[in-house]
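Down below is the structure, laid out as structure tokens.
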Amino acid sequence: MLVVLMGPPGAGKGTQAERVTKEFNLLHISTGDILRGAVKEETPLGKEAKEYMDRGALVPDEVIINIMKERLAKPDCVAGVLLDGFPRTVEQAEALENVLKDLHLNIDAVINVDVSPDELLDRLTGRRVCRSCGSTYHMKFNPPRVRNICDHCSGELYQRSDDTVDTVKERLEVYGKQTLPLIEYYQRKNLYHAVDGARPIDEVFEDIATHLKEGKG
Ligand code: ADP
Ligand code: AMP
């Protein structure tokens, strides 16, 4: 199964991806996580990407497309994949289609987690992430049991450097201009399915799971 999880920054893609990948035994591939890993390791990719990420812009299409071409060709993708944060432009979506064609794979479902812009600002500025295992929390909406400590691995929680008010506003604007056209793109291909993401995490998950189970027939 190959699932694309879409939605604006802060919609809950990473949060849902943690659960969906467990339930359906899929590999979670997040371009944001790949890029943050490269930034942390100070690789040439990381150094290039950081400049874009810090100001809330998208990393250039050709850079992302090359990363994903390599990643999707690895053998661990065979069992099934959930893509989180990719594609983010129509050019990336077209490139994904070509890569999948070469690998004899198809997208089974595109799920858009839909949340209004007002709520996204609160979600992103209150987000905290585990430094060790990457689990996502929210100070108000999904707090850890112990303040600033990950429930799963006892790692330290931190705030992403692009989750500040100004960068979040820029990211939401970029989403509207560059990523929103993908909804129509996937609607035309009859792959698109929207879920209302402005509900409790468990309810959003149930909707996604029901859709994927129906899709699997
Ligand atoms: P994305 O990966 O789409 O950027 P995240 O999964 O990181 O979004 O979620 C953004 C923030 O919102 C996190 O702090 C997360 O804990 C919180 N969150 C996720 N889903 C919900 C929800 N359904 N209701 C309230 N808060 C949520
Ligand atoms: P995310 O973790 O998905 O919120 O992504 C964080 C940042 O990484 C974004 O603001 C972009 O700068 C960059 N990024 C992640 N995925 C992509 C992508 N598919 N295309 C371009 N830039 C991306």
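The values are calculated or read from the model by the stated rules, or taken from the named source; none is laboratory data. Keep in mind the model is a prediction, meaning the values are calculated, not measured. Glycine also receives a Cβ, built like all others from the backbone with ideal geometry; neighbour counts cover every protein chain displayed. Just so you know, the surface numbers come from the protein's heavy atoms only, side chains and all, with ligands and any DNA or RNA stripped out. Shrake-Rupley method; radii C 1.70, N 1.55, O 1.52, S 1.80 Å.
How many of the residues making up segment 37-63 are at negative phi and touching a residue at least 60 places away in the same chain (Cβ under 8 Å)?
Applying the first criterion (at negative phi) to segment 37-63 yields 37-41, 43-55, 57-63.
Pick out the ones that are also touching a residue at least 60 places away in the same chain (Cβ under 8 Å) and you get 53-55, 57-58.
Matching residues across segment 37-63 total 5.
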Looking only at segment 102-121, and only at residues there that are more than 14 Å from ALA79 (Cα to Cα) and assigned to a loop (DSSP other than H, G, I, E, B), the one that is modelled with the lowest pLDDT = SER116
ask   = Of the residues that make up segment 155-166, is at least one assigned to a helix (DSSP H, G or I) and either of a type in the set (A, V, I, L, M) or farther than 26 Å from ALA93 by Cβ (or both)?
value = yes
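Name the one entry in GLY32, GLY56 that is modelled with pLDDT of 95 or more, assigned to a loop (DSSP other than H, G, I, E, B), surrounded by 12 or more Cβ atoms within 10 Å (Cβ to Cβ) and within 13 Å of ligand 1 (Cβ to nearest atom). So that I can check it myself, show each step before the final result.
Values: GLY32 fails: assigned to a loop (DSSP other than H, G, I, E, B).
The unique qualifying residue is GLY56.
Can ALA73 be described as within 12 Å of ligand 2 (Cβ to nearest atom) and out of contact with any strand residue (DSSP E or B) (no Cβ under 7 Å at 6 or more places or on another chain)? Before you say what the answer is, go through the steps one by one.
Details: within 12 Å of ligand 2 (Cβ to nearest atom): no; out of contact with any strand residue (DSSP E or B) (no Cβ under 7 Å at 6 or more places or on another chain): yes.
No, not satisfied.
Name the single residue, out of those in segment 63-93 being of a type in the set (Lys, Arg) and assigned to a loop (DSSP other than H, G, I, E, B), that is farthest from ligand 1 (Cβ to nearest atom).
Looking at the filtered set, the residue picked out is LYS74.
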request  = Can you give me the number of residues within segment 181-207 that are within 20 Å of ALA93 (Cβ to Cβ) and more than 16 Å from ligand 2 (Cβ to nearest atom)?
outcome  = 10
ask   = Do you know which of the residues in segment 112-149 that are open to solvent by 60 Å² or more (accessible area, probe 1.4 Å) and basic (Lys, Arg) is nearest to ARG88 (Cα to Cα)?
value = ARG131
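Residues LYS74, LYS169: which one is under 20 Å from LEU27 (Cβ atoms), open to solvent by 80 Å² or more (accessible area, probe 1.4 Å) and of a type in the set (D, E, K, R)? Spell out how you get there, then give the answer.
Details: LYS169 fails: under 20 Å from LEU27 (Cβ atoms).
After applying the criteria, what remains is LYS74.
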